[in-house]
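One structure is given below, encoded as structure tokens.
The values are calculated or read from the model by the stated rules, or taken from the named source; none is laboratory data. Since the structure is predicted, the reported quantities are computational estimates derived from the model, not experimental observations. Quick reminder, even Gly has a Cβ in these numbers, built from the backbone with ideal geometry, and neighbours come from all protein chains shown. These area figures cover heavy atoms from the full protein model, side chains too; ligands, DNA and RNA do not enter into them. Shrake-Rupley method; radii C 1.70, N 1.55, O 1.52, S 1.80 Å.
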Amino acid sequence: MTPDGDHDRSSTTPTAGTKSVSGADKEKPRLTDQEKKNNHIASEQKRRAAIREGFDRLTELVPGLEGQGRSESIVLQKTVEFIHMKLREREDLIAEIEHKGGRVDDSLRPS
């Protein structure tokens with residue numbers, strides 16, 4: 001502030017007519033149509049590879065899927081059946097524990 005109460009406007013910040021030249025301010029070159037297409041293809045291939053890896057992992061984890069080929073619908077169906085079976089086993093174990101007088105924390109119960 002100046003002695004007469006006005007704000008001093010002589011700062012080092014750039015004014016509207018000046019530009020600071022930093023890496024973030026530089027305009028990036030536009031991609032060509034071919035580069036966009038190549039990026040899209042690469043992204044799609046990466047997405048498909050991730051899906052394949054997920055299905056491969058399921059075939060390793062779910063009994064009965066070893067050597068079944070790569071039918072995604074069969075993998076999903078068998079995975080759902082396996083999860084339902086494991087949930088029933090969990091409920092049976094909880095019932096057995098409680099039948100024998102044990103206590104099971106509510107956080108371990110299926111919701």
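Filtered by the rule that a residue be open to solvent by less than 90 Å² (accessible area, probe 1.4 Å) and part of a helix (DSSP H, G or I), segment 53-64 gives Gly54, Phe55, Asp56, Leu58, Thr59.
Residues in segment 84-95 that are acidic (Asp, Glu) and loosely packed, with under 11 Cβ neighbours inside 10 Å: Glu89, Asp92. The number of residues in segment 27-52 being of a type in the set (Ser, Thr, Tyr) and loosely packed, with under 10 Cβ neighbours inside 10 Å comes to 1. In segment 96-111, of all residues being at pLDDT 90 or above and among the small types (Gly, Ala, Ser), the one that is most open to solvent (accessible area, probe 1.4 Å) corresponds to Gly101.
Residues being exposed (fewer than 11 other Cβ atoms within 10 Å of the Cβ), out of contact with any strand residue (DSSP E or B) (no Cβ under 6 Å at 6 or more places or on another chain), hydroxyl-bearing (Ser, Thr, Tyr) and modelled with pLDDT under 95 are represented in segment 65-83 by at least one member.
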